[in-house]
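Heads up: the structure comes next, in structure tokens.
Any read-out appearing in this document is the output of simple, stated calculations on the displayed coordinates, not a laboratory observation. Bear in mind the structure is a predicted one, so any value in this text is a computation, not a measurement. Here the Cβ positions follow ideal geometry from the backbone for every residue, glycine too, while neighbour counts run over all protein chains shown.
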Amino acid sequence: MREDHQIRLVASADELSAAAARLFVTCAGEAVSSRGRFVVALAGGSTPEAMYRRLAEDSASRDAVAWPQVHVFWGDERHVPPTDEASNYRMADDALLQHVPIPSGQIHRIETEGRDAADVAQAYEATLRTALSATPDDWPIFDLVLLGMGEDGHTASLFPGSSALSDTSHVVAAPFVEKLQAFRITLTPPVLCHARAVAVLVSGVRKAKVLRETLEGPFLPDLYPIQLLRHARGMVTWIVDAEAASALTTGRPSWANRVSHPKEES
Ligand code: 6PG
């Protein structure tokens, strides 16, 4: 049983955003006080976006983060220009980054324009190794990786059946996603699993079935890629609202040591 993997159940999507914002603040405070900076990988998707907007608009959270010491990266990106409405960079910039004083040189978007996805991934891997790896051969270490979960059990851009699921030699991969008929750029499972902390944000009844399979079903990571987080070395916190948790039976999978409920919410 992992002592540092837990499920935090909250009542609503709004409380999920608030709880995720508080976790972001806590991780940032610990990282800056311990290491002088906070290195975070942002996710795409509507659930993370709601949390970014909460972080930007809630002064108690926003003003508790030492933004000048924050370094922002992305866990994945679509192979589109940064101005495209599908861009994860554009979404985070609009929801959060424009509203907080992070030095522009500390915002490291995945530079997708003008080259094929494999070259984009290779360039971003070099950026990460330079900025976050203790030595060129070490895995880059994030203080916090934010993740969402798709209805098919994907996370970041690690989709079911993807070759990236078994990639243990690259930091960043550029899989072609059949169901989307598009290339994606994504951190690989080892990078997610080497993070000091991972937060998975899951909201809505449409995620209920896949969340039950993910948390309580057999270990089938090719089918449910997000299950690869069971190998994560650091803290993994699933922040789940009541709708998404509505199909959970035991409420506590064998590999999670703790389930907290709204009344216990810190
Ligand atoms: C992306 C994300 C993706 C997302 C999940 C959840 O680029 O789309 O990285 O992994 O986090 O699909 O998205 P929702 O919160 O919108 O369901």
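Could you count how many residues in region 152-178 are part of a strand (DSSP E or B) and away from the ligand (no atom under 11 Å from the Cβ)? Please lay out each step first, then the result.
Narrowing region 152-178 to residues part of a strand (DSSP E or B): 155, 158, 172-173, 176-177.
From what is left, the residues that are away from the ligand (no atom under 11 Å from the Cβ) are 172-173, 176.
The number of residues fulfilling the criteria is 3.
To keep it simple, each residue is scored yes or no on (1) closer than 26 Å to V177 by Cα; (2) charged (D, E, K, R); (3) assigned to a helix (DSSP H, G or I).
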position: A31; (1), (2), (3): no, no, yes
position: G44; (1), (2), (3): yes, no, no
position: R53; (1), (2), (3): no, yes, yes
position: S61; (1), (2), (3): no, no, yes
position: P68; (1), (2), (3): no, no, yes
position: H71; (1), (2), (3): no, no, no
position: T83; (1), (2), (3): yes, no, no
position: Y89; (1), (2), (3): yes, no, yes
Within region 179-191, can you find the residues that are in contact (Cβ under 8 Å) with a residue 12 or more places away in the chain and away from the ligand (no atom under 13 Å from the Cβ)?
T188, P189, P190, V191
Where residues in region 62-93 are charged (D, E, K, R) and more than 15 Å from the ligand (Cβ to nearest atom), which of them is farthest from S157 (Cα to Cα)?
D63
Quick count over region 192-207, residues being in contact (Cβ under 8 Å) with a residue 60 or more places away in the chain and either more than 11 Å from the chain's Cα centre (by Cα) or within 12 Å of the ligand (Cβ to nearest atom) (or both), is 7
How about region 208-237: which of its residues are buried (at least 24 other Cβ atoms within 10 Å of the Cβ), in a helix (DSSP H, G or I) and more than 15 Å from the ligand (Cβ to nearest atom)?
L215
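Out of A117, A28, A56, I need the residue that is in contact (Cβ under 8 Å) with a residue 40 or more places away in the chain and either within 16 Å of the ligand (Cβ to nearest atom) or surrounded by fewer than 16 Cβ atoms within 10 Å (Cβ to Cβ) (or both). Which one? Reasoning before the result, please.
Values: A28 fails: either within 16 Å of the ligand (Cβ to nearest atom) or surrounded by fewer than 16 Cβ atoms within 10 Å (Cβ to Cβ) (or both); A56 fails: either within 16 Å of the ligand (Cβ to nearest atom) or surrounded by fewer than 16 Cβ atoms within 10 Å (Cβ to Cβ) (or both).
A117 is the lone residue from the list that is in contact (Cβ under 8 Å) with a residue 40 or more places away in the chain and either within 16 Å of the ligand (Cβ to nearest atom) or surrounded by fewer than 16 Cβ atoms within 10 Å (Cβ to Cβ) (or both).
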